[in-house]
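Data first, discussion second: the structure below is written as structure tokens.
Since every read-out is calculated from the coordinates, none of them should be taken as a lab result. Keep in mind that this is a model prediction, so the values were computed, not measured. Note that we place each Cβ from the backbone using ideal geometry, even for glycine, and neighbour counts take in every protein chain shown.
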Amino acid sequence: MVAGRWEAIPRRLLLYLEEELGFHPSEDPVGTAFLLIGLGVSPERAIALLNWRDFEVLCERGLQISGFSTRRGVRFSFGGRRYEVDVLAVDSDLALVIDCKMWSKGGTPRASKILEAAEHQLERAIALKGAIERGLVPELGTEPGRGSMVPCVVTWLDFGTRLSKSGVPVIPVSKLPSFLNDLREMLDEIRVIDTDFRIQIGRGASSQPRLPL
């Protein structure tokens with residue numbers, strides 16, 4: 001599949017994927033990855049089908065399944081710099097500011113590089129808070145109430161869930177469902193940015209997925 005040689009796939013598997021998806025699996029690599037994981041294929045092998053943009057979509061679908069409203073590719077400027085958040089996920093008073101890291105399929109990054117990415121994500125989340133306060137992110141709204149923003153990094157490869165020196169969590173995508181289930185109980189242990197507003201994702205937010213995680 002990774003090489004695109006669909007004719008080499010066992011016929012029964014190909015028919016199953018087509019039946020579940022409603023079309024050829026090559027048309028929806030993210031949906032195919034979800035189905036393969038459901039069949040017991042390791043997340044790292046299944047996600048090898050994807051490019052970096054597909055990986056963002058897969059992370060987003062997982063967040064939606066857990067009840068979050070989402071928006072990908074949130075671009076904004078603040079303090080003379082331009083930023084982009086891969087996925088913003090909101091559930092009531094809680095907002096996750098997520099960097100999706102697939103890295104190269106041909107190599108494994110050092111732990112220091114992973115934790116460095118987490119520190120950069122903290123900077124990005126702080127800038128997003130400032131931009132929202134100043135009304136510089138038109139696609140995002142706010143409502144009254146105390147809120148919390150949690151910067152985090154989701155990785156393709158499983159390095160184990162860990163925290164950067166500033167407390168930013170780094171989560172393998174295979175551990176994302178359990179992380180989301182336990183998230184509110186972990187807020188005292190990870191880096192949280194408090195806000196005087198709650199983020200609202202406006203029109204054009206991503207639609208709900210069709211497939212289970």
| message | Step by step: first the residues of the stretch 176-204, then only those that are charged (D, E, K, R) and crowded, with 17+ Cβ neighbours inside 10 Å, then the one that is nearest to D91 (Cα to Cα). Which residue is that? | response | R198
| query | Among the listed residues L128, L157, L183, which satisfies the condition of being assigned to a loop (DSSP other than H, G, I, E, B) and within 18 Å of the chain's Cα centre (by Cα)? | reply | L157
| message | Can you find a residue that is more than 15 Å from the chain's Cα centre (by Cα), buried (at least 21 other Cβ atoms within 10 Å of the Cβ), at negative phi and not in a strand (DSSP E or B) anywhere in the stretch 133-147? | response | yes
| Based on what the data block shows, is F34 in contact with a Phe, Trp or Tyr (Cβ under 7 Å, 6 or more places away or on another chain) and crowded, with 16+ Cβ neighbours inside 10 Å? | no
| said: Within the stretch 48-102, take every residue that is in contact (Cβ under 8 Å) with a residue 60 or more places away in the chain and of a type in the set (G, A, S) and give me the one that is surrounded by the fewest Cβ atoms within 10 Å (Cβ to Cβ). | reply: S92
| query | How about the stretch 15-60: which of its residues are touching a Cys at 6+ places or on another chain (Cβ under 9 Å) and of a type in the set (D, E)? | reply | E56, E60
